[in-house]
Amino acid sequence: MKRTKGVSRRDFFKTGVFLGSGLLTTSCSPRSVEGGSYDLAKPENILYSACLQCNTGCGIKVKIIDGVASKIDGSPYNPYNLVPHLKFGTDPKIVSKIDAPLCPKGQAGIQTAYDPYRLRTVLKRAGQRGENKWKTIPFDQAISEICEGGLLFKDVPGEEKRTVTGLKGIYVLKDKDVMKEMGKAVSEIMQAKEANKKKELVAAFKIRFKDNLHALIDPDHPDLGPKNNQFVFMWGRLKGGRGDLIKRFASDALGSENAHGHTTVCQGSLYFSGKAMSEQWVFDAKDKKVKWTGGNKFYWQAELENARFVAFVGANIFDANYGPTNRMSRLMQSVSSGGLKYAIIDPRFSKGASKADRWIPVKPGEDGAFALGVIRWMIENNRINAAYLRNANKGAAKKNNEPNWTNASWLVRIDNDKPQAFLRGEEIGFPAARKQYTDKETGETTPYDYPLMVVMHGGKPAAFDPYKDDSAVEGDLFVDTVIKGVRVKSSLQIIKEEAFSKSLDEWARICGVSVDDIVYIARNLTSHGRRAVADLHRGVSQHTNGFYNVICWNTVNALIGNYDYRGGFIKASTYNYTGDKTVKVKTPAGKEEQKTEQPFNFKKMAPGKLSPFGVSVIRHGVKYEDSTLFSGYPAKRPWFPLASDIYQEIIPSIGDAYPYPAKALVLYMGSPVYALPAGHTTIEVLKDVAKLPLFITIDITVGETSLYADYIFPDLTYLERWEMQGSHPNMPFKVQPVRQPVIPPIPETAKIFGEEYPISLEAFILGVAEKLRLKGFGPDGFGKGVPFTHPDHYYLRAIANVAIEGLTDGKEVPSASDDEMRLFTECRRHLPKSVFDFDRWRKAVGDDLIKKVVYVLNRGGRFEEYEKAWDGEKVKHKYGTLINLYQEKTAKVKNSMTGKSLKGYGQYLPPFRDVTDKPIDDEKEGYDLVLITSRTILHTKSRTATNYWLNAILPENYVYIHQKDAARLDLRDGDAVKVVSKSNLDGVWDIGPYRKPMTGKLKVGQAIRPGTISFFLGYGHWAYGANDIVIDGKKLRGDKRRGQGIHANAAMRVDPVLKNTPLEDVYGGSVVFYDSRVKLVKA
Amino acid sequence: MERREAIKDIGTIVAGAALAASLDLAVSTEAEAKETPEVSLPGPAPDEDVIITMQRDLLKALKKPLKDRKWSMTIDLRKCIGCHACTVGCIAENKLPPGVVYRPVSEEEIGASPNVAIRFLPRPCMQCDNPPCTVVCPVKATWKREDGIVVIDYDQCIGCRYCLVACPYGARSANSGDLYTDGTPHREAYETSPTYEYGRKRVRKSHFSSPVGNAMKCHFCSHRLDAGMLPMCVTTCVGRATYFGDVRDPDSVIAKVTFKPNAWKFKEGLGTKPSVTYLL
């Protein structure tokens, strides 16, 4: 064993005999041949990309040794990792030796890519749905079968004679002009208010389009749209780029209205309250009228770097919440220096609570009550930002140096004691303004009347244009009066009355906290100017009353006046990749014009684009009353005029064939069975070939939902593919992290349009497009002679758009130096031609742009300089317009299950309700514990059980219960318990072939509100490699490590009215995670 | 001779091993003093991330002879968020097998609701100035280097596990040689990707290649220090709770944060003199 000669005796025996002496150098003593050679720090071994282990998408630095990703660290270029992040221009050679922080999931991502259970080729079902028997088939055969249809499963018992309609038979209406005209006619039908008028219009429609009626789902209900709508595409985690391709495929090419995301399973009501609060009173060119429109599906978050006090409400900051790496990097510095203190309002004592100034264990679902208590205290104690709130229009905001304004002072009509629409100037004698709309494309102008809004100013009514910036209008905040016979109140008066409808004692009692807790939060939020903020997340929104809970808390922030301020409430900002961003330019004549500056405007590069129309399967964005299906209340299933991407509605609606049956469903990167509350209810539909004739998934392995698929297409993981990650609202910097292939693809390669690409989402889309000759794909896919035959043709151009943004002001990214160009190709020496072909990449964007693209890719995206994000006390990238504290649009919506009008402001609504607003009182039947969920930083719901490094830290989750409850129920720490509820009396997952009991270990402690139990999501798998699976007659043994612990979603309450759907927030669309009462049974 | 067999025959090799160990020390001292890694950092800037400042401190320290440096770590428990980034970062960096963790983070719940807390305690090797683990080694395969790091020579170690027992912090473990993907349909290549511990690139050729069978422990990522980079647990610390550097440099971050009234050392009463300090 002496090493002085450089080789140990043992190594000599081991290597010399079997492997030859050539390898001896690698087993030499430390200071000989390779001394000091740390390959992980060499620039040629490093690629920068964006993580996707959770949705935060931090910057990553992937270190590759011999073609294998060996280590993943945080990228110092990216503000999600380093504070402040490095200058964008820093040489990648310097950065190769600097590592930045990254959470454990990010670092374990290697194990997502290199998972022994990854799929490499297409699987076709070889048994009944859910039986988990498969055969491998060639990619081309799979595409052919899916497109053509036929007796696809004639070998499966029971399906011998079942003819499956292929996509060819669903893609019926192909004429883009006919589709557009039909869409317009349907829009008129839906806008007609009278039932008779609707009938007349339908009759006229049938005559006008008599040659194409066969293309409709139901000619008597043209508003259901064409048969194309029976093709449904749904997705779980989706980011830019891939999202655009799916829309190009499902909507633009196949003409389906049904391309739906998963927003509501995350925090839908947070997004859709943000949409409601950001609707603007403007001219709508499509409808040719002034209306509330243009609201963004988005939300605000706290800017933590400069905050002085933060109330985190239902936000699991150390473990989740977009995300620990970027947010805690900022928070902990201020906390430890004493510059910031924060409180946690959450029934669960989260890790974040351990560093908080105060933990307030609020009752699940009563966050709105807490906020209304805070609002009451703020108004009573004159702690609202009255000067800010008085600004009624843009002019006033400008004059008072405010970045935005609210409608707090606007007057609302009160009829029958109920707030309705805003008072219009015309109603009290102020004529509407004359305005003119100019079409950006055609230059065509349309004149229109613009009704003005009204405030009281010093006791006198004043009408105004909310967006006029040369006249400042301020309004009185608390108004309750009659003007010319019209009863009116100011928005803030209405909110005040709601907040004053109960005493602080009552609010405290409702939400199960002390008055002191409410006063503590209110006082702290109003003691730091604009640098105090309430930061909200799923805990607020995923309740039956989530929409209103969020609006109440957003109102608190507005009363502080912290929107767009440092340390306040901010929004995300990204570099555009779609190429349609317009900038103001001055023509030589000195006129201002809007024009695009980027090279590839994908909206215009869409030849033959269809315009889908009709009610979607989830009935979103339209009112029940406007449809021809209206037949009184309740509707068969809820309608969602204020939301979209209502994940939990897709599969049960297909099951109920309401509003119409579907023929094919494609699911991408989602697992509704596992991820949805009461996800077991989806299994009944997925198993049923009559209700769902064709089911295709695109997945990296056989997951809990792809288990029921007819075909599974393997996919690329985030380390093998392209995406535009975008940003999150807590990030003040403008960014566009780019996800790019950093390791060779795991799946096999397919040949489509004559080009090779690994089997993936893109291969599926291009494959079907080739087979069905879809417009927008192929040799002329991006226009005559501009091919879209390889995914690079899209992605490289998208990155060129990112690189070029700012060109007009000379702010596009620099070109890569020759040195950087060399590094670029050297770093990719391990990638096959199907993925990296410099020539193909260069041709996609051209010789000039490629150097700018390389500059971006060498840094894993584009990131604004640290100093550029601030504007004095404000952030630079502002929301910058009207915030609706009162929402007229919401007030005009009716609950489709009750016929009752919605309230357009932050109201108190109790949680635990069914879709018809009836209380669910399972506690009366002995279901004595409220089940909530949470996430550990180690997992991302359905897809990280494959990460053994994470698994090693916490191999098994548990059901957490308060000591008092455990004592009452005579349960002990470590006991095996089963979770049962009124909608799952047996406490099982009924998977199909077998039943899996919902049993887990109990953990007893103090870190939760008594009466509440909790478990970490991400455990208790039964697919995803956790169980045996049969492929081509051979059994592939599962790995039990992946299945440990409990997944208790099936105990979550099924809606008693709908019976096949979890509880949901019928206003904001959220699916409900936290309003289920359960019992624990010793197992 | 197999390492595991060697244990039966300790007496015969002790002398040789001791010689090798002393030689290693000499070689590494010399090597460290000569090689200065080529790392240039942006800045300095007044508000730069402390990770960059500490890396700059590190580069300065590397210019000094090994014996004049004293690597130390200080963990601010007020900033630790219990995220386990350090634990996983370390496992991934050093390709640790199942069962081996150099830097676990323990979580302990204390108090009664609503006055509850969760205490996180990252536990690297304390790199004791008076290490109980080195003296028990029958083959002198482990010793304290002049710069403060307690190292193991994998080629000398016979896997007897005496040191595992001797360490009062449980900072040492034995390498079983198992892989996380053993028993699955595919043994994944990343698990046998080269390792760089103690500045030596090792490619696992068989189940018997070092460090399989050896004792293993945290070494402050000495291979990264040699390359001018901070230990993995420092660069990956989301809460910026882990400080590292040459505590003998009075201008360094580590020197400025370590000597505080709230400083605490783990099991100090045992006389181990840890180089790791906690701030409470």
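Between residue A:968 and residue B:108, what FRET efficiency follows from the Cβ-Cβ distance if R0 is 22 Å, with the result rounded to 0.05? Each step should come with its number before you reach the end.
On the way: r = 25 Å, r/R0 = 1.14.
Between residue A:968 and residue B:108 the formula returns 0.30.
Centroid-to-centroid, using Cα positions, the stretch B:146-180 and the stretch A:240-259 are 56 Å apart. Backbone amide hydrogens, once placed in the peptide plane, bring residue A:750 within less than 5 Å of A:757, A:759, excluding anything fewer than 5 places away on its chain. Rounded to the nearest 20, the size of the Cβ-charge dipole of the stretch A:762-863 about its Cα centre is 320 debye, with Lys and Arg at +1 and Asp and Glu at -1.
Take each of the peptides A:183-191, B:69-77, average the number of other beta-carbon atoms within 10 Å over its residues, and list them starting from the highest.
Values: A:183-191: 17.4, B:69-77: 23.0.
The packing order, highest mean first, is B:69-77, A:183-191.
Taking a point 7 Å from the Cα of residue A:519 along the Cα-to-Cβ direction, the residues of the stretch A:369-399 with backbone N closer than 20 Å to it are A:369-384. Ranking of A:434, A:327 by neighbouring Cβ atoms within 10 Å, starting from the fewest: A:434, A:327.
If you place +1 on the Cβ of every Lys and Arg and -1 on the Cβ of every Asp and Glu, how big does the dipole about the Cα centre of the stretch A:442-565 come out, in debye to the nearest 20? Write down the numbers at each step before the final one.
Values: 12 positive and 16 negative charges, 63 e Å.
Dipole about the Cα centre, nearest 20: 300 debye.
What is the stretch A:203-291 by shape, rounded, prolate or oblate, if you read a ≥ b ≥ c off the alpha carbon gyration tensor as root eigenvalues and call it rounded for a/c under 1.5, prolate for a/b larger than b/c, and oblate otherwise?
Numbers: a/c = 2.32, a/b = 1.34, b/c = 1.74.
Because a/c hits 1.5 or more and a/b fails to exceed b/c, the stretch A:203-291 counts as oblate.
Take the alpha carbon atoms of the stretch A:776-850, find their center, do the same for the stretch A:393-451, and report the distance between the two centers in whole angstrom. Here the two parts' Cα centres lie 45 Å apart.
Each residue, residue A:900 and residue A:509, gets one label point 7 Å from its Cα in the Cβ direction; the gap between the two is 2.2 nm. Computed over the protein assembly as shown, the per-residue total of -39500 (n - 2.57) for DSSP H runs of n ≥ 4 gives a 222 nm mean residue ellipticity of -7000 deg cm²/dmol, rounded to 500. Between residue A:184 and residue A:380, the simple spin-label model (points 7 angstrom out along Cα→Cβ) gives 5.9 nm. Spin-label model, residue A:467/residue A:847: points 7 Å from Cα along the beta carbon direction are separated by 4.5 nm.
What ranking, highest mean first, results for peptides A:920-927, A:306-313, A:800-807, B:144-151 when packing means the other Cβ atoms within 10 Å averaged over each residue? Numbers along the way, then the final one.
Details: A:920-927: 13.9, A:306-313: 24.6, A:800-807: 23.1, B:144-151: 21.1.
Order by mean packing, descending: A:306-313, A:800-807, B:144-151, A:920-927.
Which shape class, rounded, prolate or oblate, goes with chain A when its Cα gyration tensor gives a ≥ b ≥ c as root eigenvalues, a/c under 1.5 marks rounded, and past that a/b bigger than b/c marks prolate? It is rounded, given that a/c, with a ≥ b ≥ c, falls under 1.5.
Give the average, rounded to an integer, of partner chain Cβ atoms located within 10 angstrom of each Cβ in B:238-250.
Numbers: counts 20, 11, 8, 3, 0, 0, 0, 0, 0, 0, 0, 0, 0.
For peptide B:238-250, the averaged partner shielding equals 3.
Oblate is the label for the stretch A:672-783, because the ratio a/c of its alpha-carbon gyration tensor axes (a ≥ b ≥ c) is 1.5 or higher and a/b is not greater than b/c. Sorted fewest first by neighbouring Cβ atoms within 10 angstrom, A:70, A:527, A:1014 come out as A:527, A:70, A:1014.
Under unit Cβ charges (Lys, Arg +1; Asp, Glu -1), what dipole magnitude, rounded to 20 debye, does the protein assembly as shown have relative to its Cα centre?
Working: 193 positive and 158 negative charges, 207 e Å.
Taking the Cα centre of the protein assembly as shown as origin, the dipole is about 1000 debye.
Counting only other chain Cβ atoms within 10 Å of each residue's Cβ, the peptide A:348-355 averages 5. Couplings for the stretch A:284-294, taken from phi via the Karplus curve 6.51 cos²θ - 1.76 cosθ + 1.60 with θ = phi - 60°, read 9, 5, 6, 8, 6, 7, 7, 7, 7, 8, x Hz in order; Gly and Pro are left as x. Karplus-based coupling profile of the stretch A:117-128, in residue order and whole Hz: 9, 5, 7, 10, 9, 6, 10, 10, 4, 10, x, 6, with θ = phi - 60° in 6.51 cos²θ - 1.76 cosθ + 1.60 and x standing for Gly or Pro.
Peptide A:68-76 shows a mean partner chain C-beta count of 5 within 10 Å per residue C-beta. Couplings 3J(HN,Hα) of the stretch A:1068-1083, computed from phi: x, x, 4, 8, 9, 9, 10, 10, 10, 9, 9, 10, 9, 10, 4, 9 Hz, in residue order, whole Hz [Karplus 6.51 cos²θ - 1.76 cosθ + 1.60, θ = phi - 60°; x for Gly and Pro]. Highest mean first, the peptides A:79-91, B:196-208, B:228-240 sorted by other C-beta atoms within 10 Å per residue fall in the order B:228-240, A:79-91, B:196-208. Extension gain for residue A:193-residue A:876 works out to 241.5 nm (0.36 nm per residue, less the C-alpha to C-alpha distance). Between residue A:415 and residue A:441, the C-beta separation translates, for a Förster distance of 35 Å, into a calculated FRET efficiency of about 0.30. On a C-alpha basis, how far is the centre of the stretch A:202-233 from the centre of the stretch A:615-636 in Å? Whole number, if you could? When both Cα centres are located, 17 Å separates them.
Under a 5 Å amide H cut-off, with hydrogens placed 1.01 Å from N, residue A:392 pairs with A:473, A:474, A:475 among residues at least 5 apart or on other chains. Among B:223, A:543, a tally of other beta-carbon atoms within 10 Å of each Cβ gives an order, fewest to most, of B:223, A:543. Proximity of backbone amide H atoms, modeled 1.01 Å from N, is registered between residue A:860 and A:48 at under 5 Å, excluding neighbours fewer than 5 places apart on the same chain. Taking the DSSP bridge list for chain A and keeping only pairs wholly inside it, about 70 percent are antiparallel.
Every read-out reported here was derived from the displayed coordinates using simple, explicitly stated rules and does not represent laboratory data. Bear in mind the structure is a predicted one, so any value in this text is a computation, not a measurement. All Cβ positions, even for glycine, are placed from backbone atoms using ideal geometry, and neighbour counts span all protein chains on display.
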